[in-house]
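The next block holds one structure in the form of C-alpha coordinates; read it before the comments.
The values are calculated or read from the model by the stated rules, or taken from the named source; none is laboratory data. If you're wondering where the values come from, they're calculated on a predicted model, not measured in any experiment. Please note: Cβ atoms are built from the backbone with ideal geometry, for glycine as well, and neighbour counts cover all protein chains shown. Areas reflect the complete protein model, heavy atoms only, side chains present, ligands, DNA and RNA absent. Shrake-Rupley method; radii C 1.70, N 1.55, O 1.52, S 1.80 Å.
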Amino acid sequence: MRRRPVRNSSVIDEIDRALVHALHIDGRAPFSRVGSVLGVSTQTVARRFRRLAAEASLRVVGLAEPGHAGRTQWLLRLGAGPHTAQDLARALARRPDTSWVRLASGGTEILAVVQTPAGDGHTLLLHDLPRTNGITAVSAHCLLHVYLGGPTGWRGREVVLTEDQVRLLRPGGEAPVTARPLTDADLPLLEALGRDGRASQAELAAATGWSPATVARRLAELQASGALYFDVDLDDTVLGATAQALLWMSVAPARLDEVARTLAGHPELAFVAATTGPTNLVAQALCPDPAALHAYLTRRLGALDAIRSLESAPVLRTVKAAGPLGPAPVRVRR
(Lines give C-alpha, C1' and ligand atoms only; values in the text may rest on other atoms or scores of the structure.)
Protein backbone atom coordinates (compact mmCIF):
# COMPACT_ATOMS: atom_id res chain seq x y z
CA MET A 1 0.00 0.00 0.00
CA ARG A 2 1.40 3.43 -0.90
CA ARG A 3 2.31 5.47 2.13
CA ARG A 4 0.80 8.93 2.32
CA PRO A 5 2.70 11.70 4.09
CA VAL A 6 1.65 11.95 7.72
CA ARG A 7 0.34 15.43 8.36
CA ASN A 8 1.08 15.68 12.08
CA SER A 9 1.92 12.90 14.49
CA SER A 10 0.50 15.00 17.34
CA VAL A 11 -3.02 14.07 16.17
CA ILE A 12 -2.40 10.52 17.38
CA ASP A 13 -3.82 10.36 20.90
CA GLU A 14 -4.76 7.60 23.33
CA ILE A 15 -8.07 6.88 21.60
CA ASP A 16 -6.27 6.45 18.25
CA ARG A 17 -3.70 4.15 19.84
CA ALA A 18 -6.43 2.18 21.57
CA LEU A 19 -8.24 1.75 18.24
CA VAL A 20 -5.07 0.42 16.59
CA HIS A 21 -4.56 -1.97 19.52
CA ALA A 22 -8.19 -3.12 19.26
CA LEU A 23 -7.84 -3.85 15.53
CA HIS A 24 -4.79 -5.99 16.25
CA ILE A 25 -6.88 -8.08 18.61
CA ASP A 26 -9.80 -8.42 16.19
CA GLY A 27 -9.45 -6.67 12.85
CA ARG A 28 -13.11 -7.35 12.02
CA ALA A 29 -14.55 -6.19 15.34
CA PRO A 30 -17.62 -3.95 14.74
CA PHE A 31 -17.01 -0.31 15.57
CA SER A 32 -19.91 -0.51 18.02
CA ARG A 33 -18.07 -3.18 20.08
CA VAL A 34 -14.78 -1.29 19.87
CA GLY A 35 -16.49 1.89 21.02
CA SER A 36 -18.19 0.10 23.91
CA VAL A 37 -14.87 -1.33 25.15
CA LEU A 38 -13.03 1.98 24.68
CA GLY A 39 -15.81 4.00 26.30
CA VAL A 40 -16.50 6.18 23.25
CA SER A 41 -19.29 6.31 20.68
CA THR A 42 -19.48 4.24 17.52
CA GLN A 43 -19.32 7.48 15.53
CA THR A 44 -16.08 8.48 17.28
CA VAL A 45 -14.46 5.14 16.42
CA ALA A 46 -15.60 5.40 12.79
CA ARG A 47 -14.33 8.98 12.53
CA ARG A 48 -10.96 8.07 14.04
CA PHE A 49 -10.65 5.10 11.69
CA ARG A 50 -11.34 7.26 8.64
CA ARG A 51 -8.80 9.87 9.72
CA LEU A 52 -6.08 7.32 10.41
CA ALA A 53 -6.82 5.68 7.07
CA ALA A 54 -6.35 9.03 5.32
CA GLU A 55 -3.35 10.27 7.30
CA ALA A 56 -1.51 7.10 8.37
CA SER A 57 -2.56 4.47 5.77
CA LEU A 58 -4.49 2.49 8.37
CA ARG A 59 -6.38 -0.54 7.06
CA VAL A 60 -7.05 -4.15 7.97
CA VAL A 61 -6.08 -6.89 5.53
CA GLY A 62 -6.85 -10.61 5.61
CA LEU A 63 -3.93 -12.79 4.60
CA ALA A 64 -3.33 -16.49 4.02
CA GLU A 65 -0.63 -18.01 6.21
CA PRO A 66 2.10 -18.99 3.68
CA GLY A 67 2.61 -22.51 5.00
CA HIS A 68 -1.09 -23.32 4.75
CA ALA A 69 -1.20 -21.78 1.27
CA GLY A 70 1.71 -23.94 0.07
CA ARG A 71 3.99 -20.95 -0.45
CA THR A 72 7.60 -20.18 0.37
CA GLN A 73 8.68 -16.70 1.44
CA TRP A 74 11.85 -15.03 0.20
CA LEU A 75 13.41 -11.79 1.36
CA LEU A 76 15.04 -9.96 -1.54
CA ARG A 77 17.85 -7.40 -1.33
CA LEU A 78 18.32 -5.48 -4.55
CA GLY A 79 20.96 -2.83 -5.16
CA ALA A 80 20.31 -0.03 -7.66
CA GLY A 81 20.92 3.66 -8.30
CA PRO A 82 18.67 6.09 -6.39
CA HIS A 83 16.35 6.88 -9.33
CA THR A 84 16.25 3.30 -10.58
CA ALA A 85 15.58 2.04 -7.06
CA GLN A 86 12.43 4.11 -6.69
CA ASP A 87 11.02 2.95 -10.03
CA LEU A 88 11.92 -0.65 -9.29
CA ALA A 89 10.36 -0.50 -5.82
CA ARG A 90 7.10 0.78 -7.31
CA ALA A 91 7.16 -1.96 -9.96
CA LEU A 92 7.72 -4.63 -7.31
CA ALA A 93 4.94 -3.16 -5.18
CA ARG A 94 2.45 -3.62 -8.02
CA ARG A 95 3.10 -7.37 -8.18
CA PRO A 96 0.56 -9.59 -6.36
CA ASP A 97 3.33 -11.87 -5.03
CA THR A 98 5.19 -9.16 -3.08
CA SER A 99 4.75 -7.48 0.28
CA TRP A 100 6.78 -5.20 2.55
CA VAL A 101 8.57 -3.40 -0.27
CA ARG A 102 10.93 -0.86 1.27
CA LEU A 103 13.61 1.59 0.19
CA ALA A 104 16.67 1.39 2.43
CA SER A 105 20.34 2.30 2.75
CA GLY A 106 20.12 5.86 1.43
CA GLY A 107 17.66 4.88 -1.29
CA THR A 108 20.05 2.56 -3.12
CA GLU A 109 18.64 -0.72 -1.80
CA ILE A 110 15.21 -2.31 -2.19
CA LEU A 111 13.98 -4.85 0.33
CA ALA A 112 10.94 -6.97 -0.49
CA VAL A 113 9.22 -10.15 0.64
CA VAL A 114 8.20 -12.44 -2.23
CA GLN A 115 5.92 -15.47 -1.96
CA THR A 116 6.38 -18.31 -4.44
CA PRO A 117 4.63 -21.68 -4.80
CA ALA A 118 6.66 -24.16 -2.75
CA GLY A 119 9.26 -25.86 -4.93
CA ASP A 120 8.28 -24.01 -8.11
CA GLY A 121 7.16 -20.74 -9.64
CA HIS A 122 10.30 -18.66 -9.03
CA THR A 123 9.50 -16.43 -11.99
CA LEU A 124 10.55 -13.22 -10.29
CA LEU A 125 13.73 -14.71 -8.86
CA LEU A 126 14.95 -16.59 -11.91
CA HIS A 127 13.46 -14.79 -14.91
CA ASP A 128 12.22 -11.26 -14.26
CA LEU A 129 14.96 -9.78 -12.07
CA PRO A 130 17.96 -10.88 -14.17
CA ARG A 131 16.36 -9.09 -17.15
CA THR A 132 15.82 -5.81 -15.27
CA ASN A 133 18.15 -2.96 -16.18
CA GLY A 134 19.74 -0.89 -13.43
CA ILE A 135 20.03 -3.61 -10.79
CA THR A 136 23.58 -3.68 -9.42
CA ALA A 137 23.21 -6.49 -6.85
CA VAL A 138 20.74 -9.25 -6.05
CA SER A 139 20.52 -11.57 -3.09
CA ALA A 140 17.58 -13.78 -2.14
CA HIS A 141 17.14 -15.21 1.35
CA CYS A 142 14.60 -17.96 1.97
CA LEU A 143 12.68 -17.40 5.21
CA LEU A 144 13.13 -20.73 6.95
CA HIS A 145 11.23 -19.91 10.13
CA VAL A 146 9.41 -16.75 11.24
CA TYR A 147 9.71 -16.18 14.98
CA LEU A 148 7.97 -12.80 15.05
CA GLY A 149 5.76 -11.25 12.38
CA GLY A 150 2.62 -12.17 10.47
CA PRO A 151 -0.07 -12.86 13.10
CA THR A 152 2.33 -11.48 15.72
CA GLY A 153 4.11 -8.20 15.26
CA TRP A 154 5.46 -5.07 16.87
CA ARG A 155 4.31 -4.75 20.46
CA GLY A 156 4.63 -0.98 20.20
CA ARG A 157 1.12 -1.03 18.73
CA GLU A 158 -0.30 -3.05 21.63
CA VAL A 159 0.48 -1.12 24.80
CA VAL A 160 -2.75 0.77 25.48
CA LEU A 161 -5.62 -1.56 26.41
CA THR A 162 -5.99 -3.32 29.73
CA GLU A 163 -6.22 -7.10 30.05
CA ASP A 164 -9.97 -6.82 30.62
CA GLN A 165 -10.38 -4.74 27.44
CA VAL A 166 -8.32 -7.23 25.46
CA ARG A 167 -10.48 -10.07 26.76
CA LEU A 168 -13.68 -8.26 25.74
CA LEU A 169 -12.34 -7.63 22.22
CA ARG A 170 -10.88 -11.07 21.59
CA PRO A 171 -12.99 -13.03 19.07
CA GLY A 172 -15.20 -15.59 20.78
CA GLY A 173 -16.76 -18.84 19.64
CA GLU A 174 -15.59 -22.40 19.66
CA ALA A 175 -13.06 -23.59 17.12
CA PRO A 176 -14.56 -25.84 14.44
CA VAL A 177 -13.86 -29.53 14.87
CA THR A 178 -12.48 -29.81 11.34
CA ALA A 179 -11.17 -27.29 8.84
CA ARG A 180 -10.72 -28.04 5.18
CA PRO A 181 -7.35 -26.89 3.81
CA LEU A 182 -7.11 -23.88 1.53
CA THR A 183 -8.14 -24.60 -2.06
CA ASP A 184 -8.54 -22.62 -5.26
CA ALA A 185 -12.19 -22.12 -4.28
CA ASP A 186 -10.98 -19.85 -1.46
CA LEU A 187 -9.04 -17.51 -3.76
CA PRO A 188 -11.91 -15.02 -4.34
CA LEU A 189 -12.42 -14.82 -0.57
CA LEU A 190 -8.71 -14.24 0.06
CA GLU A 191 -8.48 -11.63 -2.69
CA ALA A 192 -11.43 -9.71 -1.25
CA LEU A 193 -10.00 -9.85 2.28
CA GLY A 194 -6.60 -8.76 0.97
CA ARG A 195 -8.21 -5.60 -0.39
CA ASP A 196 -10.30 -4.98 2.73
CA GLY A 197 -10.13 -7.22 5.77
CA ARG A 198 -13.21 -5.49 7.18
CA ALA A 199 -15.41 -6.23 4.16
CA SER A 200 -18.90 -7.24 5.28
CA GLN A 201 -20.16 -10.79 4.91
CA ALA A 202 -22.56 -9.54 2.25
CA GLU A 203 -19.65 -8.05 0.28
CA LEU A 204 -17.66 -11.26 0.70
CA ALA A 205 -20.67 -13.28 -0.42
CA ALA A 206 -20.90 -11.17 -3.57
CA ALA A 207 -17.18 -11.64 -4.24
CA THR A 208 -17.27 -15.42 -3.77
CA GLY A 209 -20.74 -16.37 -4.97
CA TRP A 210 -21.36 -18.04 -1.59
CA SER A 211 -24.15 -17.36 0.85
CA PRO A 212 -23.35 -15.10 3.86
CA ALA A 213 -23.74 -18.15 6.12
CA THR A 214 -21.15 -20.06 4.06
CA VAL A 215 -18.80 -17.08 4.20
CA ALA A 216 -19.13 -16.85 7.99
CA ARG A 217 -18.53 -20.58 8.42
CA ARG A 218 -15.49 -20.59 6.12
CA LEU A 219 -13.98 -17.52 7.82
CA ALA A 220 -14.33 -19.24 11.19
CA GLU A 221 -12.73 -22.43 9.85
CA LEU A 222 -9.77 -20.68 8.27
CA GLN A 223 -9.08 -18.48 11.28
CA ALA A 224 -9.35 -21.37 13.74
CA SER A 225 -6.95 -23.49 11.71
CA GLY A 226 -4.42 -20.65 11.40
CA ALA A 227 -4.74 -20.60 7.60
CA LEU A 228 -6.09 -17.03 7.67
CA TYR A 229 -5.08 -14.10 9.85
CA PHE A 230 -5.77 -10.37 9.89
CA ASP A 231 -2.99 -7.81 9.85
CA VAL A 232 -3.08 -4.05 10.36
CA ASP A 233 -1.31 -1.82 7.84
CA LEU A 234 -0.20 1.43 9.45
CA ASP A 235 2.54 4.01 9.07
CA ASP A 236 4.33 3.35 12.37
CA THR A 237 6.00 6.75 12.38
CA VAL A 238 2.72 8.13 13.78
CA LEU A 239 3.35 5.94 16.83
CA GLY A 240 6.82 7.39 17.25
CA ALA A 241 8.88 4.76 15.39
CA THR A 242 10.88 7.25 13.31
CA ALA A 243 14.09 5.18 13.20
CA GLN A 244 13.55 1.85 11.42
CA ALA A 245 16.15 -0.61 10.20
CA LEU A 246 16.55 -4.14 8.88
CA LEU A 247 19.18 -6.05 10.85
CA TRP A 248 21.15 -8.84 9.23
CA MET A 249 22.91 -11.10 11.74
CA SER A 250 25.22 -14.08 11.64
CA VAL A 251 24.61 -16.36 14.63
CA ALA A 252 26.32 -19.55 15.69
CA PRO A 253 24.05 -22.29 14.29
CA ALA A 254 23.85 -24.17 17.59
CA ARG A 255 22.43 -21.06 19.23
CA LEU A 256 20.30 -19.70 16.38
CA ASP A 257 16.98 -20.84 17.84
CA GLU A 258 17.90 -19.53 21.30
CA VAL A 259 18.90 -16.11 19.99
CA ALA A 260 15.89 -15.84 17.67
CA ARG A 261 13.47 -16.61 20.49
CA THR A 262 15.19 -14.05 22.70
CA LEU A 263 14.93 -11.40 19.98
CA ALA A 264 11.26 -12.23 19.41
CA GLY A 265 10.65 -11.00 22.95
CA HIS A 266 12.31 -7.62 22.39
CA PRO A 267 9.75 -4.78 22.21
CA GLU A 268 11.97 -2.92 19.72
CA LEU A 269 11.48 -5.60 17.04
CA ALA A 270 8.54 -6.18 14.70
CA PHE A 271 9.95 -9.09 12.70
CA VAL A 272 12.43 -11.90 13.38
CA ALA A 273 13.18 -14.79 11.00
CA ALA A 274 15.83 -17.40 10.31
CA THR A 275 17.08 -17.26 6.71
CA THR A 276 19.40 -18.83 4.23
CA GLY A 277 22.46 -16.94 3.02
CA PRO A 278 25.71 -15.55 4.49
CA THR A 279 23.66 -14.21 7.41
CA ASN A 280 21.17 -16.54 9.04
CA LEU A 281 18.96 -14.23 11.11
CA VAL A 282 17.09 -11.08 10.07
CA ALA A 283 15.06 -8.67 12.16
CA GLN A 284 13.26 -5.34 11.78
CA ALA A 285 13.83 -2.74 14.48
CA LEU A 286 11.50 0.20 15.19
CA CYS A 287 12.84 2.85 17.57
CA PRO A 288 11.89 6.42 18.49
CA ASP A 289 15.08 7.97 17.07
CA PRO A 290 18.63 7.10 15.93
CA ALA A 291 19.96 7.38 19.48
CA ALA A 292 17.47 4.76 20.67
CA LEU A 293 18.39 2.50 17.75
CA HIS A 294 22.08 2.87 18.63
CA ALA A 295 21.35 2.01 22.25
CA TYR A 296 19.42 -1.08 21.18
CA LEU A 297 22.17 -2.28 18.86
CA THR A 298 24.99 -1.73 21.32
CA ARG A 299 23.33 -2.74 24.57
CA ARG A 300 20.60 -5.26 23.84
CA LEU A 301 22.10 -6.98 20.79
CA GLY A 302 25.68 -6.34 21.89
CA ALA A 303 25.05 -8.37 25.02
CA LEU A 304 24.28 -11.51 22.97
CA ASP A 305 27.67 -13.12 22.38
CA ALA A 306 26.26 -15.67 19.91
CA ILE A 307 25.74 -12.87 17.37
CA ARG A 308 29.00 -12.96 15.43
CA SER A 309 28.28 -10.12 12.99
CA LEU A 310 25.62 -7.47 12.47
CA GLU A 311 24.71 -5.29 9.49
CA SER A 312 22.00 -2.63 9.68
CA ALA A 313 20.09 -1.16 6.73
CA PRO A 314 18.09 1.97 7.66
CA VAL A 315 14.60 1.97 6.13
CA LEU A 316 13.79 5.26 4.38
CA ARG A 317 10.30 4.51 3.11
CA THR A 318 7.75 1.71 2.95
CA VAL A 319 6.32 1.55 -0.56
CA LYS A 320 4.06 -1.42 0.14
CA ALA A 321 3.07 -3.06 3.42
CA ALA A 322 1.28 -6.36 4.00
CA GLY A 323 -1.71 -5.82 1.75
CA PRO A 324 -2.03 -5.21 -1.99
CA LEU A 325 -1.36 -1.74 -3.39
CA GLY A 326 -4.23 0.69 -3.44
CA PRO A 327 -6.33 2.06 -0.60
CA ALA A 328 -9.15 -0.12 0.63
CA PRO A 329 -12.61 1.43 0.78
CA VAL A 330 -13.25 3.10 4.13
CA ARG A 331 -16.71 2.52 5.54
CA VAL A 332 -18.55 2.88 8.79
CA ARG A 333 -19.54 -0.47 10.28
CA ARG A 334 -21.93 -0.17 13.17
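Tabulated results
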read-out: Förster radius 25 Å - calculated FRET efficiency between R51 and L325 (Cβ-Cβ, nearest 0.05); value: 0.70
read-out: Evaluated over the stretch 3-109, the Cα radius of gyration and Dmax, each in Å; value: 17.9, 51
read-out: Span from the the stretch 162-233 Cα centroid across to the the stretch 41-88 one, whole angstrom; value: 19 Å
read-out: Taking the stretch 140-276 and dividing mean pair separation by its residue count, relative contact order in percent (alpha carbons under 8 Å, at least six apart); value: 53 percent
read-out: Sequence of S309, S200 from largest to smallest accessible area, 1.4 Å probe; value: S309, S200
read-out: Placed amide H near F271: partners under 5 Å, 5+ positions off or other chain; value: Q284
read-out: For D257, solvent-accessible area (1.4 Å; no DNA, RNA or ligand), Å²; value: 70 Å²
read-out: Net +/- balance of residues flanking L169 in space, Cβ distance below 12 Å, scoring K and R +1, D and E -1; value: 0
read-out: Sulfur and carbon atoms: percent of accessible area, the stretch 229-334 [1.4 Å]; value: 56 percent
read-out: Relative contact order (percent, whole number), the chain, Cα cutoff 8 Å, 6+ residue spacing; value: 29 percent
read-out: Sites A185 and V159 - FRET efficiency at Förster radius 45 Å, r taken between beta-carbons, to 0.05; value: 0.70
read-out: Point-to-point label distance, R317-D13, nm (Cα→Cβ direction, 7 Å offset); value: 3.2 nm
read-out: Cα gyration tensor shape of the stretch 190-283, rounded if a/c is under 1.5, else prolate or oblate by comparing a/b with b/c; value: prolate
read-out: Amide hydrogen neighbours beyond the local backbone of L143, cut-off 5 Å, H modeled; value: Q73, W74, L75
read-out: In nm, spacing of pseudo-spin labels at S36 and A213 (7 Å Cα→C-beta vector); value: 2.5 nm
read-out: H83/A291 FRET efficiency (R0 25 Å; Cβ-Cβ; nearest 0.05); value: 0.20
read-out: Solvent-accessible area of T262 with every protein chain in place, 1.4 Å probe, in Å² to the nearest 10; value: 60 Å²
read-out: Whether the stretch 222-263 is rounded, prolate or oblate, judged on the alpha carbon gyration tensor where a/c under 1.5 counts as rounded; value: oblate
